[in-house]
1. Averaged per residue, what accessible surface does the chain expose to a 1.4 Å probe, in Å²?
2. Using a probe of 1.4 angstrom, how much of the accessible area of the chain is carbon and sulfur, in percent?
3. Defining a contact as two alpha carbons under 8 Å apart and six or more residues distant in sequence, what relative contact order in percent does the chain show?
4. Among [x] 1.46; [y] 1.31; [z] 0.96, find the value of Rg/Rh (Cα atoms, Kirkwood Rh) that was calculated from the structure presented, and write down its label.
5. Could you tell me the accessible area of residue 13 in Å² (1.4 Å probe, neighbours in place), rounded to the nearest ten?
Amino acid sequence: MLMLTVARGGDTDTVAAIAMAAAAVCPAMARDLPPALTEGLEAGEHGRPRLERLDRRLAAAFGLPIVAAGPRG
């Protein structure tokens, strides 16, 4: 999904963010982000822990399952 979205060109960062958010809650989509996109996330104030908290909050707010991503699960 990410590669197809970026390959289309245009405003790729915004379009990719929206497409990936939709794909994240779609059970038919593979959880196959390349490890290079998740392994290097920092653990600082705006790093992986914050993204994981945000993921849990959004899932709870919309009644969606929490799906682990990346090598840490």
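1. Heavy-atom SASA per residue in the chain reads 78 Å².
2. Whole-percent figure for carbon plus sulfur exposure: 63.
3. That works out to 28 percent.
4. [z]
5. 110
The values are calculated or read from the model by the stated rules, or taken from the named source; none is laboratory data. Predicted, not measured: the structure shown is a model, and the values here were computed from it. Surface accessibility is based on the protein's heavy atoms, side chains included, excluding ligands, DNA and RNA. Shrake-Rupley method; radii C 1.70, N 1.55, O 1.52, S 1.80 Å.
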